[in-house]
Every structure is written in structure tokens, then in C-alpha cells.
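Worksheet: the structure to be examined is printed underneath.
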Amino acid sequence: MIYSLISAALFGILAAVAPTWESLLVLRCLSGIALAGVPAVAMTYIAEEVEAPAIGPAMGLYIAGSAFGGMIGWLGAAVATEWLGWRWAIASMGLFSAAAGIVFCASAPASRAFRPQRHSLRSFLSGYASVLRDRVLLMLYGTGFLMMGAFVTIYNYVPYLLVVEPYALGHAEIGAIFLLYMLGSASSAWFGKLAGRIRVRPTFWRPVVVLLIGLLLTAPSPSGSSFQR
């Protein structure tokens, strides 16, 4: 997780001085790949270090913290873009990420339950094969993939609607929409506690229904909109 955070921060800072669109795209892609190591290891870290009855609430708190951090990043970048330009916005995110990585390095407790094991290519591929044979895990992976795709698409699509008539909002005003992440932080922690109390399966469908209702509410288009879908 430490290597992921520091690498992502470094790529983010370099992206601020990227000379071309192609180099900017490559650096942002590398930053995303580096950041992927954080949630992948964090979930395992929590599952290993936390007692079984507390795993659900702990996961909920972790997701809540991620949502809060995402809100700060979106809002800060929007304000920085409005006043300083996009390069300073990217640089500020990179510097903030570097500071967060340093704090994590200094304060994160060492793993106590982890037992390192040596793996060969054969054992590595065998482990992946066993995962691919588990239909429940495949459905969970597919659900996460689709829900994250919907989440990212909506939040990246909405600004294009809001920047034109009849809304014509500025970058800072559009960035304020990401304050709604606070609702995600609160609901993540709450659903995590609910999963610990009534189990995961009865909890799983409830946020999905809320998501579908929210998507339906975004479907109507106001009259006079100049954005062509």
C-alpha cells in the first residue's frame, strides 16, 4: 500500500507538467494502476487483522473514508481549476496524495496476522483458477465492475450537462456536487454495520435498489437544454 500511494503521488505530480496530451494520458493511467494496489491490499489487510464480527463495520468505515477522500479530491480539483488552471489542480492532487502517503507510512500499524508465503508461477495461476471456478465470487466481481462503471460514468457525465444551458454552472459550482459523497460515506458505514447485524446477503440488495431509484430520477431532461445526448 505504501509503494502504491507513493508511486501514484509521483505520477500525479509528473502529470501536472506533462508536455503533451499523450504523455498526460499515460501518466494518469500509470497513476490509476498504482492506486489499484491500495484497495486490493487494504481489503485483505482488514479481513486478516480484524475479528470476524467486526469485518463488516470495518469495511464500511474503509469505504466511507475512501468516499470522503474522493469528495475532497474532486472538490479541491474543481476549485483549483476554477482559480489556477488544470495543471495546478493536478499538481495539488499529487502533492496532497504524497502528504497522505507520508502520513500513512508513519501511522499505519504493522500487520500482525499476515504470514508471508512463497509462490511460484504455478501456484499463482492455480489460485486464480480456483477463483474463476467460484460462481459467487465471479458474480460479486461482475457486480462491483458494473456498479463502479455506473458510478464513474454518472459523475463524469453530469458535468457536461451542467456546464451548458439551462444550468451554465462554473467549475467550482459543479465541484460542489461532489459534496454528495458525504452521503456515501455515511451510508457505507451504516450498511457495513447492517451487514454485521443481519448478514451480507439481506443487506446486499438494499443499496442496489436505492441506486436504481436515483438513476431513474436523473433520466428527465429539462426543456431548453442545449446538450445533445
Item to complete: Kindly provide the helix-only [θ] at 222 nm of the chain, computed as the sum of -39,500 (n - 2.57) over DSSP H runs of four or more divided by all residues, to the nearest 500 deg cm²/dmol?
Response: -26000 deg cm²/dmol
Worksheet item: Ranking HIS171, HIS119 by Cβ neighbours within 10 Å, fewest first, what do you get?
Response: HIS119, HIS171
Worksheet item: Can you give the angle from 0 to 90° between the axis of helix 121-132 and the longest principal axis of the chain, with both taken from C-alpha atoms, to the nearest 10?
Response: 70 degrees
Worksheet item: Which ³J(HN,Hα) values, rounded to whole Hz and listed in residue order, are derived for region 16-30 from phi using the Karplus coefficients 6.51, -1.76 and 1.60 in 6.51 cos²θ - 1.76 cosθ + 1.60 with θ = phi - 60°, glycine and proline given as x?
Response: 5, 10, 4, x, 9, 4, 5, 5, 4, 5, 5, 5, 5, 5, 5
Worksheet item: The list [x] 31; [y] 35; [z] 15 gives values of percent of Cα pairs over 32 Å apart, and only one came from this structure; which label was calculated from it?
Response: [x]
Worksheet, complete the sentence: Residue by residue through region 163-172, the couplings from Karplus 6.51 cos²θ - 1.76 cosθ + 1.60 with θ = phi - 60°, in Hz, x for Gly and Pro, are 7, 10, 4, x, 8, 6, 8, x, 4, 5
Fill in: ³J(HN,Hα) computed for each position of region 183-198 - Karplus, 6.51 cos²θ - 1.76 cosθ + 1.60, integer Hz, glycine/proline x
5, x, 4, 5, 5, 4, 4, 5, 5, x, 5, 5, 5, x, 8, 10
Item to complete: Find how many whole Å separate the alpha carbon centroid of region 129-170 from the alpha carbon centroid of region 52-128.
Response: 19 Å
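If packing is taken as the average number of other Cβ atoms within 10 Å across a peptide's residues, how do 28-38, 155-165 rank, most packed first? Don't skip to the end; give the middle numbers.
On the way: 28-38: 15.9, 155-165: 13.2.
Descending packing order for the listed peptides: 28-38, 155-165.
Every number here is computed from the coordinates shown, using simple stated rules; none is lab data. The shown structure was predicted, so the numbers you read here are calculated from the model rather than taken from an experiment. Note: ideal-geometry Cβ built from the backbone for every residue, glycine included; neighbour counts use all protein chains shown.
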